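One structure is given here, and the rest of the page talks about it.
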Amino acid sequence: MQEITALDGLFKILFAIYQNPTMYLRRKSIFQLEIFIQGIRYGVVLDYQQNRRLKQELEILHQFDLFLRQKYFYGASLNCYSALYCHSGGSEEIAFGLFFEELKIYLNQNTMSI
């Protein structure tokens, strides 16, 4: 996989959502964010050349999920969104913020600029 040094594309959109969640999701909600990301994931067509960058970014999100699994010790029955929701005491808004805090940490640890 080619290393991504400057985050744009999907990550640019994700951090735009972080800055103005009501514009994209109607409210700060970890589950609305999950639906948005899953919609992109399922909307990717199989044409490798056209979606190469997006597929790389989705792979980074998959690796981010593995990072969170190790950090928060949740099993296969939960995804990262549900785990963050549980960890935040059942607050979708706090879980939403925690997602982006952890994503920034993960990207910085893996030398990807935001």
Only one of (1) modelled with pLDDT of 90 or more; (2) open to solvent by 50 Å² or more (accessible area, probe 1.4 Å); (3) touching an Asp or Glu at 6+ places or on another chain (Cβ under 8 Å); (4) within 27 Å of THR111 (Cβ to Cβ) fails for PHE36. Which number is that?
(3)
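Please work out which residue is modelled with the highest pLDDT, limiting yourself to segment 99-114 and to residues that are of a type outside the set (D, E, K, R) and open to solvent by 30 Å² or more (accessible area, probe 1.4 Å).
We begin by selecting, within segment 99-114, every residue of a type outside the set (D, E, K, R); these are 99-100, 103, 105-114.
From what's left, open to solvent by 30 Å² or more (accessible area, probe 1.4 Å): 105, 108-111, 113-114.
On the way: ILE105: 93, ASN108: 90, GLN109: 90, ASN110: 86, THR111: 76, SER113: 61, ILE114: 57.
For segment 99-114, the residue satisfying everything is ILE105.
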For residues that are open to solvent by 10 Å² or more (accessible area, probe 1.4 Å) and either of a type in the set (S, T, N, Q) or under 11 Å from the mean Cα position of the chain (by Cα) (or both), scanning just segment 81-97, find the one that is nearest to GLN38 (Cα to Cα).
TYR81
If the Cβ limit is 7 Å and pairs must be 6+ apart or interchain, which residue in segment 23-40 that is within 11 Å of LEU84 (Cβ to Cβ) and touching a residue at least 24 places away in the same chain (Cβ under 8 Å) pairs with which residue that is of a type in the set (A, V, I, L, M, F, W, C) and exposed (fewer than 14 other Cβ atoms within 10 Å of the Cβ)?
none
Determine which single condition LEU54 fails, assuming it passes every other condition in (1) at pLDDT 85 or above; (2) more than 12 Å from the chain's Cα centre (by Cα); (3) surrounded by 10 or more Cβ atoms within 10 Å (Cβ to Cβ).
(1)
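The values are calculated or read from the model by the stated rules, or taken from the named source; none is laboratory data. Model, not experiment: these values are computed from the prediction. Reconstructed Cβ throughout: ideal geometry from the backbone, glycine too, with neighbour counts over all protein chains shown. For the accessible areas, the whole protein counts, side chains as well, though only heavy atoms, and no ligand, DNA or RNA atoms are used. Shrake-Rupley method; radii C 1.70, N 1.55, O 1.52, S 1.80 Å.
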